[in-house]
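For reference, the structure is listed below as structure tokens.
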Amino acid sequence: MFTFFGSCQEEIKKNDIVAPKQIIPIAEAQNMYTNYTERRLPLIKKYEDSINRNSGIEKEFDVARFVSYDYQTIKQYLAFIENEAEKANVDISTLRFYFSNYPDKPFFENKDSVLHPRQNSIILSPTIKKENRDYLFYIGGSESQPQPILLLDNFEEIRGLGLSKTHLKSHASLVPNFVKPNPIFSSKSLTMNRGGSAPPPQHQ
């Protein structure tokens, strides 16, 4: 009996799920894909092919068309950033998808392999709202008192060097709340990359 009612309640919850308003028709998706094919892909390919020729490489450059993650990885990532934000007593306001480009070298600074040098990719990073503005952040502070460390849109810390007086003034109220990471505590990045990317199949 309890199993029956439990399954009924679960079914009702599933029936309450509605599509977000940002869902688009397949025809619109196809049109946007074609726009990129015609208006962006040739420019990228021309530029990257010129680099190959100047380096004595005859192979044409394969332009990435998508980035993919295993669905379970996405669910794990969302659970991770929500948990870290909760421990730091902040609410995630948005999730940004940054366009990015892999370096033209075999390894990253942490010695991970660069599987697709010079290929376009995306970076996922959450934000928190401060004074009506969304800021990127990572987790600093200490293990017992984790704190959000605010970042600018280019991932630089707000109290980084080279900020103009105007910029510093606009962030003046943020400075007293800025907490430098404890050197003993390993700060936690909430930014994700390392997805799978590929050009479309040749028959397309």
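Every read-out reported here was derived from the displayed coordinates using simple, explicitly stated rules and does not represent laboratory data. This is a predicted model, so every value here is computed, not measured. As a convention, Cβ positions derive from the backbone with ideal geometry for all residues, glycine included, and neighbour counts pool all protein chains shown.
Per-structure values
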{"quantity": "Amide hydrogen neighbours beyond the local backbone of N101, cut-off 5 Å, H modeled", "calculated": "S121"}
{"quantity": "Length released on extending from T73 to E143, taking residue separation times 0.36 nm less the Cα-Cα span", "calculated": "22.7 nm"}
{"quantity": "Rough spin-label spacing in nm, given labels placed 7 Å along Cα→Cβ, for D153 and Q22", "calculated": "1.7"}
{"quantity": "Interchain or long-range residues, amide H under 5 Å from A88's placed H", "calculated": "none"}
{"quantity": "Spin-label model distance (nm) - R40 vs F108, 7 Å beyond Cα toward Cβ", "calculated": "2.1"}
{"quantity": "Per-residue ³J(HN,Hα) for the stretch 141-151, Karplus 6.51 cos²θ - 1.76 cosθ + 1.60, θ = phi - 60°, Hz, x for Gly and Pro", "calculated": "x, 9, 4, 7, 9, x, 10, x, 9, 6, 10"}
{"quantity": "Which listed pairs, of K13/K75; K13/K188; K21/K46; K130/K188; K45/K130, have C-alpha distances above 29 Å, in listed order", "calculated": "K13/K188; K21/K46; K45/K130"}
{"quantity": "Karplus (6.51, -1.76, 1.60) ³J(HN,Hα), θ = phi - 60°, over the stretch 86-97, in Hz, Gly and Pro reported as x", "calculated": "5, 5, 8, 6, 10, 10, 6, 9, 9, 10, 8, 10"}
{"quantity": "Partner aspartates and glutamates for K59 [C-alpha distance under 13 Å; skip if fewer than 8 residues away on the same chain]", "calculated": "E48, D49"}
{"quantity": "Value of Rg/Rh across the stretch 43-104 [Cα atoms, Kirkwood radius]", "calculated": "1.22"}
{"quantity": "Cα centroid separation - the stretch 120-149 against the stretch 30-71, whole Å", "calculated": "31"}
{"quantity": "Average silhouette area of the stretch 1-129, convex hull of alpha-carbon atoms, in square nanometres", "calculated": "13.5"}
{"quantity": "Residue-wise HN-Hα coupling along the stretch 65-73, computed from phi with Karplus coefficients 6.51, -1.76, 1.60 (Hz; x: Gly, Pro)", "calculated": "10, 7, 10, 10, 10, 4, 4, 5, 5"}
{"quantity": "Per-peptide average of other Cβ atoms within 10 Å, ordering 15-22, 187-194, 145-152 highest first", "calculated": "145-152, 187-194, 15-22"}
{"quantity": "Long-range amide H partners of G141 with built H, under 5 Å", "calculated": "Q147, N182"}
